[in-house]
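Asker: Mind having a look at this structure? Questions to follow.
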Amino acid sequence: MKWDWSAVGDFMPHFWDGLLVTLQALVLGSLISFALGLVWALLMRTPSRWVRWPVGVVTEFIRNTPLLVQLFFLFYVLPEWNITFSAMTTGVVAIGLHYSTYTMQVYRAGIEGVPVGQWEAATALNLPMTRTWTAVILPQAIRRVVPALGNYVISMLKDTPMLMAITVLDMLGEARLFAQQNFQFTEPLTVIGVAFILISYPASLLMRALERRLVR
């Protein structure tokens, strides 16, 4: 099979469009997962079992259901209940919601890793609970879990091609469309594979370096 550089050149404008969509989905999905994961984690620490039990059931259900199934449900089932979102919005929400159940566990580990003495010091100073969380506990907990959160960002990046299933033209979606229209699959798919490596591998190295730095 002969490599066609002209096909690569023809594909590149489509690649940049797909890359932009991929990065948008990644950034917005990450923000949702970080924020919602923290909310889940805090709710799981409430004294009331009437809060903890529903949150635990919902998060376990989401975490143990395939992301692709969740994408299909949000995109195809919700419109039957007159709840309609664009394909991109659906994809971002699905990724953020799915990974929030994983970041929740990361936050919980970070919170539980804060030394007991910090809680006792906040109590001794008679700090309000809100102040205790925002000024003492969460800054220490989040600092501990930044590398783990970064690893989930990489995982989200590798899951963005699933958005193609609901018509979002991310990098892989653009590659497939170009290949089907031009009957050239090798070049666009190779470019996409290389792009994912060039993004994810340096990011993983950065997370390792950050973890070593924060552990000191």
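Asker: For a quick size check, give me the Cα extents of the stretch 68-148 along its three principal axes, largest first, whole Å.
Answerer: 55, 26, 15
Asker: Using a/c under 1.5 as the rounded threshold, could you call the stretch 17-119 rounded, prolate or oblate? The axes a ≥ b ≥ c are square roots of the C-alpha gyration tensor eigenvalues, and prolate needs a/b larger than b/c, oblate otherwise.
Answerer: Oblate shape, in that a/c is at least 1.5 and b/c is the bigger or equal ratio.
Asker: Sort the stretch 119-173 into rounded, prolate or oblate with this rule: let a ≥ b ≥ c be the square roots of the eigenvalues of the Cα gyration tensor; rounded if a/c is under 1.5, and if a/c is not under 1.5, prolate when a/b is larger than b/c, oblate otherwise.
Answerer: Note, shape of the stretch 119-173 comes out prolate.
Asker: Report, in degrees rounded to the nearest 10, the 0 to 90 angle that the Cα long axis of helix 5-43 makes with the longest principal axis of the chain.
Answerer: 20
Asker: Right, another one. So, in nm, how far is label R143 from label R63 when the simple model puts each one 7 Å beyond its Cα toward the Cβ?
Answerer: 2.6
Asker: For a Förster distance of 35 Å, can you work out the FRET efficiency between the beta-carbons of W119 and F72, rounded to the nearest 0.05?
Answerer: 0.20
Asker: What value in Å³ per residue do you get for the convex hull of the alpha-carbon atoms in the stretch 1-71?
Answerer: Cα convex hull per residue, to the nearest whole number: 119 Å³.
Asker: Given the options V57, V92, V145, which has the most mean-square fluctuation in a GNM of the chain, springs set between C-alpha atoms less than 10 angstrom apart?
Answerer: Maximum among the listed residues: V57.
Asker: Per residue, what volume in Å³ does the convex hull of the Cα atoms of the stretch 64-216 enclose?
Answerer: Expressed per residue, the convex hull around the Cα atoms of the stretch 64-216 is 138 Å³.
Asker: At a 1.4 Å probe radius, which order do F183, F61, F11 fall into by accessible area, largest first?
Answerer: The ranking, largest first, comes out as F183, F61, F11.
Asker: Please list W53, W40 in order of solvent-accessible area, largest first, computed with a 1.4 Å probe with all protein chains present.
Answerer: W53, W40
Asker: Could you please state, rounded to a whole Å, how far the C-alpha centre of the stretch 15-35 is from the C-alpha centre of the stretch 138-216?
Answerer: Computed from Cα coordinates, the inter-centre distance equals 9 Å.
Asker: Suppose each label sits 7 Å from its Cα in the direction of the beta carbon; what would the L127-V8 distance come out to in nanometres?
Answerer: 5.5
Asker: Sticking with this one: Once a ≥ b ≥ c are taken as the square roots of the eigenvalues of the Cα gyration tensor of the stretch 44-93, is the result rounded (a/c under 1.5), prolate (a/b larger than b/c) or oblate (a/b not larger than b/c)?
Answerer: Prolate is the answer for the stretch 44-93, as a/c is 1.5 or above and a/b outweighs b/c.
Asker: Could you compute the FRET efficiency for V27 and L189, with r as their C-beta to C-beta distance and R0 at 22 Å, rounded to 0.05?
Answerer: Between V27 and L189 the formula returns 0.35.
Asker: In what sequence, largest accessible area first, do D17, D170 appear using a 1.4 Å probe?
Answerer: Per-residue accessible area, sorted high to low, gives D17, D170.
The values are calculated or read from the model by the stated rules, or taken from the named source; none is laboratory data. All figures in this text were calculated on a predicted structure; none of them were measured in a lab. Here the Cβ is made from the backbone with ideal geometry for all residues, glycine too, and neighbour counts use every protein chain on show. The area values use the complete protein model at the heavy-atom level, side chains included, leaving out ligands, DNA and RNA. Shrake-Rupley method; radii C 1.70, N 1.55, O 1.52, S 1.80 Å.
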